[in-house]
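A short reminder: the numbers here are calculations on the coordinates, not readings from a lab. Keep in mind the model is a prediction, meaning the values are calculated, not measured. Don't worry about glycine lacking a Cβ; one is built from the backbone with ideal geometry, like all the others, and counts go over all protein chains shown.
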Amino acid sequence: MLVFIHALSPLHVGIGHSPGAIDLPIARDKASGFPIVPGSGLKGALRAHTSSIPGREVIKVFGPETTNASDHAGGIHFGDAHLLALPVRSIAGTFAWVTSPYLLQRFARDAIESGVVRSDIPPIPKLEDREKARLAHAETIAWLDGKELKVVLEDLDLKPNEDAQAKAWSELIAKHALEASWGTFFQKRFLVVHDDIMRYLSVHGVDVTSRNRLENDTKTVADGALWTEESLPTESLLCAFAAIVPNNGTLPQAGLEAALQALNGETLHIGGKTTVGRGRCRIAIGGRR
């Protein structure tokens, strides 16, 4: 099965302090550098939001607490949630949901294995030119600069091409990851860019917030209490693979699937900084392995 995450507020799933320019960066895939939500964080958030799962069945679904971890494993194995589409500022249409061939290829692999789709996966758009982009609908996020049609994302000028493959992908993702009311909105702002451009946007198109703590009497920044933290922006889309693996301590296959499906459409918090509005997400569950 697949677990889709739609960020309804900035999403901070961090890795602790970093010696880099950002004090509290978000978790990223080591090889690609794209943002992720580790499977442990996703599982913990779903477990904490289990009002729809009766009593002892929570343990059968997610496994026992740490003190009894040797009793048995949980019946659902969660993988990391990988980035599927990133909202990026656009000079036209306010913002665009941006993805790349690599992100779509990885999603296609998980979608087929999970059973969300079978043989109807659209072809992956090919982008050999870094300056080009494939759009589902050009009229929303493309604009005419003199005689040339452009898409401007952050500080990047791209040459757009309305494309049937991009449109098919926008429809597929909207169908499984978003509420119906957001589907059309998403499709009109969806585009595919080169993997290198996507990598750049995943670094420079995320939220970086400066925070501090003031001394009560002087109202100046307390010593050592000025820091920066990174978050995925509101409207980010991610997707994780969840494998149903029953064992002697868990529910049968159908019960585990039903328990996960019961969380479909739920709004919950993932990651840290929840007291300052971070991490409010909508969950969509799809597919059967």
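Answer rounded, prolate or oblate for the stretch 164-289, using the Cα gyration tensor with square roots of eigenvalues a ≥ b ≥ c: rounded when a/c is under 1.5, else prolate when a/b is larger than b/c, else oblate. Before the final figure, lay out each step's value.
Working: a/c = 2.57, a/b = 1.42, b/c = 1.81.
Oblate shape, in that a/c is at least 1.5 and b/c is the bigger or equal ratio.
Would you mind checking the pairs Lys132/Lys167; Lys219/Lys273; Lys150/Lys188 and listing those with alpha carbons more than 19 angstrom apart? Don't jump to the answer; show the numbers that get you there.
Numbers: Lys132/Lys167 16 Å; Lys219/Lys273 23 Å; Lys150/Lys188 15 Å.
Those over the limit are Lys219/Lys273.
Percent antiparallel among DSSP beta bridges with both residues in the stretch 115-177, to the nearest 5? Let's see the in-between values first.
On the way: 6 of 10 bridges.
Of those bridges, close to 60 percent are antiparallel.
What full-extension length gain, to one decimal in nm, is calculated for Thr184 and Thr274 as 0.36 nm per residue of separation minus the Cα-Cα distance? Mind showing how you got there, number by number?
Values: separation 90, 0.36 × 90 = 32.40 nm, distance 2.95 nm.
29.5 nm is the gain from fully extending Thr184 to Thr274.
Each residue of the stretch 70-79 in turn: what ³J(HN,Hα) in whole Hz from Karplus with 6.51, -1.76, 1.60 and θ = phi - 60°, glycine and Pro shown as x?
6, 5, 5, 7, x, x, 10, 9, 9, x
GNM, the chain, Cα, under 10 Å: largest mean-square fluctuation among Ala222, Ala85, Ala133?
Maximum fluctuation in the GNM of the chain, among the listed residues, is at Ala222.
Between Arg199 and Glu148, what FRET efficiency comes out of the Förster formula 1/(1 + (r/R0)^6) with R0 = 22 Å and r the beta carbon distance, rounded to 0.05? List each step's numbers first, then the result.
Values: r = 25 Å, r/R0 = 1.16.
E between Glu148 and Arg199, to the nearest 0.05, is 0.30.
Quick one: among Ala258, Ala168, Ala69, which has the greatest mean-square fluctuation in a GNM of the chain with alpha-carbon springs under 10 angstrom?
Ala69
If neighbour count is taken as other Cβ atoms inside 10 Å, put Ser231, Ser40 in order from fewest to most. Don't jump to the answer; show the numbers that get you there.
Details: Ser231 26, Ser40 11.
By the 10 Å Cβ count, ascending, the order reads Ser40, Ser231.
Pick from Arg189, Arg28, Arg130: which is most flexible by mean-square fluctuation in a GNM of the chain where alpha carbon atoms under 10 Å apart are linked?
Taking springs between Cα atoms under 10 Å, the residue moving most is Arg130.
Do the sum for the chain: with -39,500 (n - 2.57) for every DSSP H run of n ≥ 4, divided by all residues, what is the mean residue ellipticity at 222 nm, to the nearest 500 deg cm²/dmol? Intermediate results must be reported in sequence, preceding the final value.
Working: 8 runs with 75 residues, N = 289.
So the helix-based figure for the chain works out to -7500 deg cm²/dmol.
How would His137, His72, His12, His204 line up from fewest to most surrounding beta-carbon atoms within 10 angstrom?
Working: His137 18, His72 15, His12 23, His204 12.
Sorted ascending by nearby Cβ count, the order is His204, His72, His137, His12.
Where in the chain lies the longest segment free of GluC sites (Glu not before Pro) that are both loop residues by DSSP (not H, G, I, E, B) and have at most 16 other Cβ atoms within 10 Å?
Values: sites that count: Glu65, Glu128, Glu131, Glu154, Glu179, Glu215, Glu266.
Free of exposed loop sites, the longest segment is 1-64.
Quick check for you: which residues of the stretch 176-206 have the amide N under 18 Å from the point 7 Å beyond the Cα of Glu162 toward its beta carbon?
Answer for the stretch 176-206: 184-192.
With 10 angstrom as the radius, rank Val276, Val152 by how many other C-beta atoms surround their C-beta, starting from the fewest.
Numbers: Val276 13, Val152 17.
Lowest to highest Cβ neighbour count: Val276, Val152.
If you take the beta carbon distance between Glu128 and Ile15 as r and set R0 to 35 Å, what does 1/(1 + (r/R0)^6) give as a FRET efficiency, to the nearest 0.05?
Values: r = 34 Å, r/R0 = 0.96.
With a Förster radius of 35 Å, E is 0.55.
Each residue of the stretch 90-107 in order: what ³J(HN,Hα) in whole Hz does its phi give by Karplus 6.51 cos²θ - 1.76 cosθ + 1.60, θ = phi - 60°, with x for Gly and Pro?
10, 5, 10, x, 6, 8, 10, 8, 10, 9, 9, x, 5, 5, 5, 4, 5, 5
Could you derive backbone 3J(HN,Hα) for the stretch 24-36 from the dihedral phi with the Karplus parameters 6.51, -1.76 and 1.60 (θ = phi - 60°), listing whole Hz in sequence and x where the residue is Gly or Pro?
Ordered by residue, 3J(HN,Hα) equals 10, x, 8, 5, 9, 5, 4, 6, 8, x, 6, x, 9 Hz.
Need one word for the chain: rounded, prolate or oblate. Basis is the Cα gyration tensor (sqrt eigenvalues a ≥ b ≥ c); a/c below 1.5 gives rounded, then a/b vs b/c decides.
Details: a/c = 2.19, a/b = 1.19, b/c = 1.84.
Cα axes put the chain in the oblate bin.
What shape does the stretch 89-248 take by its C-alpha gyration tensor, where a ≥ b ≥ c are the square roots of the eigenvalues and a/c under 1.5 counts as rounded, a/b above b/c as prolate, and the rest as oblate?
Working: a/c = 2.36, a/b = 1.28, b/c = 1.84.
Since a/c reaches 1.5 but b/c is at least a/b, the shape of the stretch 89-248 is classed as oblate.
Check which residues have an amide H placed less than 5 Å from His137's amide H, if you skip close sequence neighbours.
Excluding prolines and chain starts, which carry no amide H, the hits are Phe190.
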